[in-house]
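Worksheet for the structure shown next.
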Amino acid sequence: MNNYHLTKPVITGIGITSNLGQGQAAFSDALLAGRSAFGYLRRPGRQQDSSFLGAEIPDFTLPEFFSPRVRRNTSFSDQVALVTLNEAWKDAKLEQIDKCRVGLVIGGSNFKQRELQQIYQKYQDKAAFIRPNYGVSFMDTDLCGLCTEQFGIKGLAYTVGGASASGQLAIIQAIYAIQTGQVDVCIAMGALMDLGYLELQAFKSLGAMGSDRFAHEPDKACRPFDLNRDGFIYGESCGAVVIESVDSVRKRKLKPYATILGWAIEMDGNRNPNPSYEGEVKVIESVLGEAQLSPREIDYINPHGTGSPLGDETEIKALSACGLSSAYINATKSLTGHGLSAAGIVEIVAVLLQMKSSKLHPTKNLKLPIEPSFNWVQEKSIFHEIQRALSLSMGFGGINTALCLENNK
Amino acid sequence: MDKEKIFQIVVNHTREVLPELVERKIECSDSLRDLGANSIDRAEVVTLTLESLSMNIPRTALFGANNIGELVGLIYEQLPSD
């Protein structure tokens, strides 16, 4: 009899591609140095009589071992996913595992809106000649097909959507897949959500995206938890983590990055984008209960922290009410921007790499914290050996998720 | 438009869809399937060819071709007479 249900899964591999660079080393170095890449968005299809701010992946390259046919038939978000998955795959040495025991859960939906808009513009007057490939590629699940084909994954593969909580939702689904014995290893990916000018404008019109206040100072626009924040700033990113059962890791004699002590999902029953204090308190209490931890055993918090005026305020109140105001806290999005569907996993990668380096990264532009009594990491990185971390994600449509990780260093 | 010109258009789009064929000589007797084209690839070659020829015809009119030569013949039959 297996004991999947008795043990907590671990994380054995990391892949990251973001506007801070390609790969773990570039990401970790930039985070700890407090470097960012904010500016005016330049990728084709991002602006129309506008000057939206954000951070884009610089100098992205798809390695030569992906064939020219793959190169031709893939979107930007597809290619970023392949590179990210490749890094996680190698990091976790997945070539050792039977591919029938490997799964993939991709968090997010609407991965390639920018490129779809370009296709609509190109074919609006000649629909009869739309490329047949579009009949497959417009579906997000095409990314599952692409990744499973390229890496030979045969366990399971599907997408899960939870707006900006999609990344964490993918991790939680991957945990379930392992705990029910469907697979021994499950990769959770937060896919790059490639926004076009229509999505950017809609986020702006909705009041979710900043920055009117820093329209001419892109470097100052992204400022989670600062008194002068005025909304999130978009940042291209994609992350992947390899979740594995303890039995599988023992057989492979691999040292995991971290153990996932707890996970939780709580719904607000709300279609709208507004946060819920009650929902956030509930998800924090749920995850601590699942992890069997008291608040004072958490020594580091990676919050959702987007820079939303109401969102950040609500999150701080919820953390405070749950007795979590003394742990160290920083905001990864202050450096990466908001990766939307990718954010939950990108931030877990940030937690793992901070565990690895025994340092905490600074929070960019946090000059006047909305709650000064919290233990902020502000201008410079600091030395700290994370023991147990809490990470939160919240998404439009009333979804709250949380994860607790324990350092396996 | 003669058959040779249509053949060249089909070959160009075949190379576009299957970039690994860049060095390979393509003949009328070659079938797209044997060249490595899957069902999506074959549909792509046909659609790109029809777009190049500005021919909006039902795809069923092109069913049944066993090789590129036969595909060219079916397309040729559908050309508007001028």
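Cα to Cα, under 17 Å, and not fewer than 8 places away if on the same chain: which aspartates and glutamates meet these conditions relative to A:LYS282?
A:GLU266, A:ASP268, A:GLU290, A:ASP312, A:GLU313, A:GLU315
Tabulate in residue order the Karplus-calculated ³J(HN,Hα) for region A:283-291, using 6.51 cos²θ - 1.76 cosθ + 1.60 with θ = phi - 60°, rounded to whole Hz; enter x for Gly and Pro.
Coupling constants for region A:283-291: 6, 5, 4, 5, 5, 5, x, 4, 7 Hz.
Restricting the count to DSSP beta bridges whose residues both fall in the protein assembly as shown, what percent are antiparallel, rounded to a multiple of 5?
Rounded to the nearest five, the antiparallel share is 65 percent.
Sorted by packing (mean other beta-carbon atoms within 10 Å per residue), highest first, where do A:303-316, A:285-298 land?
A:303-316, A:285-298
For chain B, set up a Gaussian network in which alpha carbons nearer than 10 Å are linked by springs, and say which option among B:VAL11, B:VAL45, B:VAL22 fluctuates the most.
Comparing B:VAL11, B:VAL45, B:VAL22 in a Gaussian network model of chain B, the most mobile one is B:VAL22.
Going down the list A:LYS112/A:LYS364; A:LYS204/A:LYS364; A:LYS93/A:LYS204; A:LYS220/A:LYS255; A:LYS93/A:LYS359; A:LYS8/A:LYS359, which pairs span over 31 Å between their C-alpha atoms?
A:LYS93/A:LYS204; A:LYS220/A:LYS255
Would you mind pulling out the separation of the Cα centroids of region A:309-363 and region A:247-287, in Å?
Their Cα centres are 14 Å away from one another.
Explain nothing, just the number: dipole magnitude of region A:4-252 about its Cα centre with +1 on each Lys and Arg Cβ and -1 on each Asp and Glu Cβ, in debye rounded to the nearest 20.
Using Cβ point charges on Lys, Arg, Asp and Glu, region A:4-252 gives about 300 debye.
Classify region A:319-363 as rounded, prolate or oblate, taking a ≥ b ≥ c as the square roots of the eigenvalues of its Cα gyration tensor: rounded when a/c is under 1.5, otherwise prolate if a/b is larger than b/c and oblate if not.
oblate
Charges at C-beta only: +1 for Lys and Arg, -1 for Asp and Glu. How large is the resulting dipole of region B:3-78 about its Cα centre, in Debye rounded to 20?
Here the size comes out at about 100 debye.
Identify, among A:SER237, A:ALA88, A:ASN110, the residue whose Cα sits farthest towards the positive end of the charge dipole of the protein assembly as shown, taking +1 on the Cβ of Lys and Arg and -1 on the Cβ of Asp and Glu, with the dipole about the Cα centre.
Checked the options; the winner is A:ALA88.
Determine the shielding of peptide A:61-74 by partner chains: average, over its residues, the number of Cβ atoms on other chains within 10 angstrom of each Cβ.
Across A:61-74, the average partner-chain Cβ count within 10 Å equals 2.
So which residue, out of A:LYS220, A:LYS112, A:LYS90, gets the largest mean-square fluctuation from a GNM of chain A using Cα contacts under 10 Å as springs?
A:LYS90
Is the protein assembly as shown best put as rounded, prolate or oblate by its Cα gyration tensor, with a ≥ b ≥ c the root eigenvalues, rounded for a/c under 1.5, and otherwise prolate when a/b is larger than b/c, oblate when not?
It is prolate, given that a/c is not under 1.5 and a/b is the larger ratio.
At a Förster distance of 35 Å, what's the computed FRET efficiency of A:SER320 paired with A:LEU254, Cβ-Cβ distance as r, to 0.05?
0.35
Once you have the Cα-Cα distance between A:LEU198 and A:ARG71, take 0.36 nm times their residue separation minus that, and quote the gain in nm to one decimal.
43.1 nm
Net charge near A:SER109: determine it from the other residues with C-beta under 14 Å of the C-beta of A:SER109, scoring Lys and Arg +1 and Asp and Glu -1.
Here the count lands on -3.
Within region A:317-343, whose backbone N sits under 20 Å from a point 7 Å along Cα→Cβ of A:ARG213?
A:317-318, A:330-339
How would you order A:176-186, A:48-58 from highest to lowest mean count of nearby Cβ atoms within 10 Å?
A:176-186, A:48-58
With 5 Å bins from zero, work out the P(r) of region A:4-252 over every alpha carbon pair and list the percent per bin.
1, 6, 12, 16, 18, 16, 13, 9, 6, 3, 1, 0
Calculate the spin-label point distance for B:SER54 paired with A:SER50, positioning each point 7 Å from the Cα along the beta-carbon direction, and give it in nanometres.
3.5
Across the residues of B:54-64, average count of Cβ atoms on other protein chains within 10 Å?
Partner-chain Cβ atoms within 10 Å, mean over residues of B:54-64: 1.
Between A:LYS364, A:LYS122, A:LYS204, find the one with the highest GNM mean-square fluctuation for chain A; connect C-alpha pairs within less than 10 Å.
Top of the fluctuation ranking is A:LYS122.
Which is farthest toward the positive dipole end of region A:1-104 among A:SER67, A:GLY21, A:ILE57, measuring Cα position about the Cα centre, with Cβ charges +1 (Lys, Arg) and -1 (Asp, Glu)?
Positive-most Cα among the choices belongs to A:SER67.
Output the direction-averaged projected area (hull surface divided by four) of the convex hull of the alpha-carbon atoms of region A:200-356, in nm².
Mean projected area of the Cα convex hull: 10.5 nm².
Just the number, please: percent antiparallel of the DSSP beta bridges in region A:262-407, rounded to the nearest 5.
Bridges in region A:262-407 are about 70 percent antiparallel.
Based on the mean of other Cβ atoms within 10 Å per residue, sort peptides A:324-335, A:131-142 so the most packed one is first.
Per-residue Cβ counts within 10 Å, averaged per peptide and sorted highest first, yield A:324-335, A:131-142.
Explain nothing, just the number: dipole magnitude of region A:253-409 about its Cα centre with +1 on each Lys and Arg Cβ and -1 on each Asp and Glu Cβ, in debye rounded to the nearest 20.
660
Can you figure out the FRET efficiency of A:ARG271 with A:LEU310, using R₀ = 22 Å and their beta-carbon distance, to the nearest 0.05?
According to the calculation, E is roughly 0.85.
Work from the charge dipole of region A:254-409 (Cβ charges, +1 for Lys and Arg, -1 for Asp and Glu, about the Cα centre) and give the residue of A:ALA342, A:SER357, A:SER320 farthest towards its positive end.
A:SER357
Using Cα centres only, tell me the gap between region A:108-149 and region A:76-100 in whole Å.
23
Checking the a/c ratio against 1.5 first, then a/b against b/c, what shape does the Cα gyration tensor give for region A:296-409?
Cα axes put region A:296-409 in the rounded bin.
Give me a single rounded figure for A:127-138: the average over its residues of other chain Cβ atoms within 10 Å of their Cβ.
Average per residue, whole number: 4.
A short reminder: the numbers here are calculations on the coordinates, not readings from a lab. Small disclaimer: the values here were computed from a predicted structure and weren't measured. Cβ atoms come from the backbone with ideal geometry, glycine included; neighbour counts cover every protein chain shown.
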